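To start, the structure under review is shown below, and the notes come after it.
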Amino acid sequence: MLDLIHNFFQNLYNLEELIRWGGMTVLIVIVFAETGLLIGFFLPGDSLLVVAGVLAAAGHLNILWLNVSLMLAAVIGDAVGYQIGLRTGPKIFTREDSLFFRRSHLLRTHEFYERHGGKTIILARFIPVIRTFAPVVAGVGTMGYLRFASYNIVGGVSWVASMTLGGYFLGQADKDIKHHIHYVVAAVIFVSVLPGIYAVAKEYLRPGPPSIPPRPTVPVAEPAAMQKADS
């Protein structure tokens, strides 16, 4: 068991080797954990799916079963995250940081949810970290499960399909792309963090409230002085 865990973390960011080592099982586990468990925020998501698509184009994976399995894992993962939020309630926002939990990520996701509402469940699929905590925040909030489920299915299917098929067609177009897979991973990671960079830049460049000059003070005569002036 310890050797299994060691091999998993040793290959965690060597995605091609990770997929060759664990196959469909490790893909399903990672997609489920990243979307359904609070500890999954550090796991590779977008890049893993794209690399899986490239390997499917090379014949190492079946593209149909790849999509069906990972779509189910993504949808079930979000449903589990929703139940975690529903059962823990608002007290989860006071949970202390630990090795696999960051309260700041949860609060950041809550702010994102406050701005974008229900469609956060779809948008968050394409934003690392936020996709881990979005279903939890939805469960804590007032979103009904049927409404959440519709967003969950649309988001899960569109996320998995866009990433795996993107990698698949890239692999079909360039048969040698698997020899340069690290460039693909770097590009996907860069695109994945762009929304975060944009949000930080937007917050940094946002002009502050206009300064209002202080109102001139009007001297008020003391009561004694006013009485003297009257006399």
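State the extension gain, in nm to one decimal, for the chain segment bounded by H116 and H60, taking 0.36 nm per residue of separation less the distance between their alpha-carbons.
16.3 nm
R0 = 35 Å: FRET efficiency of Q172 with A149, Cβ-based, nearest 0.05?
Given R0 = 35 Å and the Cβ-Cβ separation, E is 0.55.
Stretch T25-K91 to full length: gain in nm at 0.36 nm per residue minus the Cα-Cα span?
Extra length from T25 to K91 when fully extended: 20.4 nm.
Values quoted throughout were computed directly from the atomic coordinates according to the rules given, and no laboratory measurement underlies them. The structure presented is a predicted model; accordingly, all values stated were derived computationally and were not measured. Every residue, glycine among them, receives a Cβ derived from its backbone with ideal geometry; neighbour counts consider all protein chains shown.
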